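K.L.:
Let me begin by handing over the structure; questions about it come next.
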Amino acid sequence: MAKYKLTPKLSKILKERGIKQLHIAIKAEIPQPYISRFDGPDKGHYDISNLYSIAESLNLKIEDLFTIEETNKEDPDN
């Protein structure tokens, strides 16, 4: 079974578009601290509703918020 590594890129998207975290938080109707932690050390713990709201407010798909890489690491439990 293929394994994937997801690297969040929200900060990069916001920087490229010249959008502040507070603006996207208001538009997505989610707390600003969630936006500031998106690419941080707690990455990997995402609420699907928040992902959808962020992506929709940026006219993107959820998968556009991440760089997705297939890894070749085999999981011995599968």
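K.L.:
From the list I30, I26, I48, pick out the single residue that is surrounded by 17 or more Cβ atoms within 10 Å (Cβ to Cβ), of a type in the set (V, I, T) and over 12 Å from K9 (Cβ atoms). Show your work before the answer.
P.N.:
Numbers: I26 fails: surrounded by 17 or more Cβ atoms within 10 Å (Cβ to Cβ); I48 fails: surrounded by 17 or more Cβ atoms within 10 Å (Cβ to Cβ).
Checking each option against the conditions leaves just I30.
K.L.:
Among the residues of region 6-17, is any in contact (Cβ under 8 Å) with a residue 60 or more places away in the chain and of a type outside the set (D, E)?
P.N.:
For region 6-17, residues in contact (Cβ under 8 Å) with a residue 60 or more places away in the chain and of a type outside the set (D, E): present.
K.L.:
Sticking with this one: Considering only residues that are under 20 Å from A2 (Cβ atoms), surrounded by 13 or more Cβ atoms within 10 Å (Cβ to Cβ) and β-branched (V, I, T), which ones fall in region 51-73?
P.N.:
Within region 51-73, I62 is the sole residue that qualifies.
K.L.:
Name the residue that is modelled with the lowest pLDDT, counting only residues in region 1-52 that are out of contact with any strand residue (DSSP E or B) (no Cβ under 7 Å at 6 or more places or on another chain) and of a type in the set (G, A, S).
P.N.:
Taking region 1-52 and keeping what is out of contact with any strand residue (DSSP E or B) (no Cβ under 7 Å at 6 or more places or on another chain), we get 1, 10-37, 40-42, 44-52.
Those still in the list that are of a type in the set (G, A, S) too: 11, 18, 25, 28, 36, 40, 44, 49.
Numbers: S11: 95, G18: 97, A25: 96, A28: 96, S36: 90, G40: 80, G44: 65, S49: 95.
Only one residue tops the list, namely G44.
K.L.:
Given the conditions (1) assigned to a loop (DSSP other than H, G, I, E, B); (2) over 18 Å from T7 (Cβ atoms), and given that G40 satisfies all but one, which numbered condition is not satisfied?
P.N.:
If we test G40 against (1) assigned to a loop (DSSP other than H, G, I, E, B); (2) over 18 Å from T7 (Cβ atoms), just (2) comes out false.
K.L.:
Restricting the first residue to region 21-35 and requiring it to be more than 10 Å from I54 (Cα to Cα), which pairs with a second residue that is among the β-branched types (V, I, T) and surrounded by 15 or more Cβ atoms within 10 Å (Cβ to Cβ) meet a Cβ separation below 7 Å and a spacing of at least six or different chains?
P.N.:
Sorted first by the residue in region 21-35, then by its partner, the pairs are Q21/I35.
The values are calculated or read from the model by the stated rules, or taken from the named source; none is laboratory data. These numbers come from a predicted model, not from an experiment. Positions of Cβ are backbone-derived with ideal geometry, glycine not excepted, and every protein chain shown enters the neighbour counts.
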